[in-house]
Structures are given as C-alpha cells and as structure tokens.
1. Just to verify a result, which residue in region 1-29, among those that are among the hydrophobic types (A, V, I, L, M, F, W, C) and assigned to a loop (DSSP other than H, G, I, E, B), is modelled with the lowest pLDDT?
2. Quick check: is even one residue across region 218-228 under 27 Å from GLY57 (Cα atoms), of a type in the set (Val, Ile, Thr) and within 19 Å of the chain's Cα centre (by Cα)?
3. Name the residue that is modelled with the lowest pLDDT, counting only residues in region 262-291 that are farther than 30 Å from GLU60 by Cβ and charged (D, E, K, R).
4. Just wondering, is there one or more residues in region 75-85 that are buried (at least 16 other Cβ atoms within 10 Å of the Cβ), part of a loop (DSSP other than H, G, I, E, B) and touching a strand residue (DSSP E or B) at 6+ places or on another chain (Cβ under 6 Å)?
5. Given (1) among the charged types (D, E, K, R); (2) farther than 16 Å from SER285 by Cβ; (3) outside any helix (DSSP H, G or I); (4) modelled with pLDDT of 95 or more, identify the lone condition not met by GLU32.
6. Determine, yes or no, whether VAL229 is β-branched (Val, Ile, Thr), within 19 Å of ILE44 (Cα to Cα) and surrounded by 15 or more Cβ atoms within 10 Å (Cβ to Cβ).
7. Go through region 73-91 residue by residue and tally those that are without any contact (Cβ under 8 Å) to a residue 24 or more places away in the chain and charged (D, E, K, R).
8. Kindly indicate whether any position in region 249-266 is surrounded by 12 or more Cβ atoms within 10 Å (Cβ to Cβ) and either over 22 Å from PHE15 (Cβ atoms) or among the basic types (Lys, Arg) (or both).
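The values are calculated or read from the model by the stated rules, or taken from the named source; none is laboratory data. On a predicted model such as this, the values are computed, not experimentally measured, just so you know. Heads up, the Cβs are rebuilt from the backbone with ideal geometry, glycines too, and the neighbour counts pull from every protein chain shown.
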Amino acid sequence: MNPLIRMYAFHKKEFGLEDNKFLRLFEELLSEPPCSVLECSSEISPKGIHAARLRLGYQEEDIQKGLDASYRFLNGIAACEGVRLNHKILDGIVDKRLSLSRIPQMGIGLDYREEIHDSKVKYYFLIREYPEKVNQVLSLHPPVDTIDAYLNHEEFMFAINMDFSGRTSVEIYPLLRRQDLRDGALVEKLNLRDPVLAFIEECSGLHISFQAGGERVLHFHPRNPTRFVHLIGNRRLSLFYSNVQILKFFFGRWKIKEAVSVIISLIEDEIMSKNIQNINLHYCSNLPIQK
C-alpha cells in the first residue's frame, strides 16, 4: 500500500476523524498520483485537540498535474452545501503567466471544522528566483516591519487561504536556515530574544508567519523532536507526539524507508511570557520523486 495512505489511515484512526464529504474528497486526491507529500497536523489549545488538518504536496515536474488535481478538489469542495469559496486571490496569483519552472513545490490543504464556515482550504507554493511573484504576494499581505531582513534567500513560501465562508487571504512563511540563526546581526535586526533563542538553538531551521495583528508564529524544525517536545513541557503535546513515535515504529515494521519529519509551531508572545497554550504539531512524509 502507498505509504502516504497508510500514514493518513493511521492519523484518521488515532484521532477519530469521522467520515464526511470533505474528507472523502481529500482521500480521492490522496489516492491519485503524482501526490508525493502528506502532512498531518494537530492544533493543541486550551479547548482541546483539533486534528482534521491535512496537506498534500507535489514536486518538480509534477506541478502542473498537482495544480490540475487541486482544482478538481477545489471544485468538489465548492459544490458542497454551505460552502462559499472566493477564487479572486488564487486566480490573480495562479494565472496564465505563472512560470511553473520556478515552482519546485506546491500543495493543497484541508482544515475541516465542526462549523462549516470555520473550515478552509489552503494552497501552498514554494517559489524560487521569482521576485515579481514575491512582490505580488507581499502586496496582498499586511505590511511586515523589516520585511527585507526576512527575504534573504532565493526561495520563498506562501499560502492562499480560502475559508468556506468566502473570506480569502495570503500568508507568507519566510525561512531562516541554521546559518542565518547564527548571524548575530540578523537575529538582532529581527528582534529574536530569549527564551525564543533557546528553542532556536535546538533547530536546523525556522519558518515565520504573521497573525492579523502582526504577532509572529514561529515554525520550528527541531533536530531532535523528542528533546524539543520535552523542552516545551506541554502534556498534551507529549501525548500527541507519542503517536508520531508510534508511526515511525510502524514505518520501520512496514519496511517503509521514507522518513517522518516534524515541525512544531508556537506563538512568539506565548514563548516570551512562558505561558505556551497554543501549539501546532505537524508531521510529514515525502515519497521519492519518480523520474
């Protein structure tokens, strides 16, 4: 069986995701090649754990097929009762002039909530050496202080949110690699401080996104996820992370060679106040690209 389908089935069972029309559409998309990336995640908050958060990805020469498959998925979602999707931003960014050769990765995500109007789909794009598209995306995003300091790589990741209620927006995810995090002048310019720096020390990289009011969300790529989870010291996170460890065990037993990578997202203000209440834990597996 496709390892990504096994991983999805594990996530669905462990977190009790109930069948619905949206998940069935996602499962159809997952079963179709050339999907090669699956990310499952859970949102941990004082309200509990929300785990119906899933993302599929496509890479390199499969981008056009991925776009076509994603549009079919989007049309299926839009046809469901109670869903209103606004294509305006998506159609403005993904137009006839879009250069696919500058998109090494793209993806489509589903965040399904009990209240339909709170649910959304999200397009993800990683672009490379594409300054005109970066400028277009930034023009649609709320202003960010010292944005030039974040844009120190040829690669740029962003997402287009499409809520089922009709709201739409863009998110950006500038990347800081390990060598950037060791650049004292850059760290100071971005105002990264203790105790955030203590978490950064444990990571190979860091994506940053921005909430509506400008507050930063830090997406950590820990070198040792187990150690990082212990460092945070959140009981719910520890319980959830044990499922990731079980999945890694199953991958070994199923003789699946693909690694499971982990990203942990925290709100910077909660780190600074030493009162971490909201955590997203993402785990992801990539299939080898078929040449």
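1. Filtering first and then ranking leaves MET1.
2. No, region 218-228 contains no residue that is under 27 Å from GLY57 (Cα atoms), of a type in the set (Val, Ile, Thr) and within 19 Å of the chain's Cα centre (by Cα).
3. Taking the candidates together, the pick is LYS274.
4. Among the residues of region 75-85, at least one is buried (at least 16 other Cβ atoms within 10 Å of the Cβ), part of a loop (DSSP other than H, G, I, E, B) and touching a strand residue (DSSP E or B) at 6+ places or on another chain (Cβ under 6 Å), which makes the answer yes.
5. The failed condition is (4).
6. Values: β-branched (Val, Ile, Thr): yes; within 19 Å of ILE44 (Cα to Cα): yes; surrounded by 15 or more Cβ atoms within 10 Å (Cβ to Cβ): yes.
Answer is yes for this residue.
7. 2
8. Scanning region 249-266 turns up no residue that is surrounded by 12 or more Cβ atoms within 10 Å (Cβ to Cβ) and either over 22 Å from PHE15 (Cβ atoms) or among the basic types (Lys, Arg) (or both).
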